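Quick note: the coordinates plus some simple rules give every number you see, no bench work behind them. Quantities reported herein were computed from a predicted structural model and do not represent experimental measurements. Note that we place each Cβ from the backbone using ideal geometry, even for glycine, and neighbour counts take in every protein chain shown.
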Amino acid sequence: MSEGVNIRGKNLTSTACTCGKMIQLDPGSIRKWFSGQVNYIEILCGDCRKRYADLPRIVCMTCKELMAFMEPSKDPKSGFEMKSKHHYHINRCPRCAPEATSSPILEQDAWMAGIGMKTPTNQDLIQEIEQKRLQITKDCEKLSSTFKGTDL
Ligand SMILES: [Zn+2]
Ligand SMILES: [Zn+2]
């Protein structure tokens, strides 16, 4: 029997991975990483963990949670690179700031400032994160209502 894990203020015994698969949660199933800026948690099923292992990661500084994976890329205009296995950070995401329509990647912001260019708003990124999060939030709510009395 899973003892559950405190996530987003709720004690959950299972949650949905970004791929939709349900994950049983116990303290051993949550990976904790240091991004270079913050300690954050990663909640992924075993398949996604393998599938996304090499991709650049986006971490929300406020939620201290892994928010998205990106394809490795290099912007031909600015030279900014999203490198394999590297961490990139945003200050807010659709979960901690639902009203936000954009959230610059801090590393990109710093890079662009360094070369005197304007940072793109990353609206596509925030929309992509929001779609994934909406699904997960829905699943969490569904689950927590079936685990009455376990909320912290
Ligand atoms: Zn998955
Ligand atoms: Zn956030």
### Task
Between Lys32 and Ser73, take the C-beta separation as r, use R0 = 25 Å, and let me know the FRET efficiency to the nearest 0.05.
0.40
#### Entry: Nonlocal amide H pairs with Glu65, under 5 Å, H built at 1.01 Å
Ile41, Cys60
### Task
Would you order Leu55, Leu66 from fewest to most other beta-carbon atoms within 10 Å of each residue's own beta-carbon?
Leu55, Leu66
### Task
Please list the non-local residues whose amide H lies under 5 Å from the amide H of Tyr88, H modeled 1.01 Å from N, same-chain partners needing a gap of 5 or more.
Arg57, Ile58, Val59
### Summary
Surrounding charge for Glu42, neighbours by C-beta under 12 angstrom, Lys/Arg +1, Asp/Glu -1, total +4
### Summary
The set of residues whose placed amide H lies less than 5 Å from the amide H of Phe80, leaving out same-chain residues fewer than 5 positions away, is Asp75
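Within the range 34-107, report the GluC sites (Glu not before Pro) that DSSP leaves as loop and that have at most 11 other Cβ atoms within 10 Å.
Glu99
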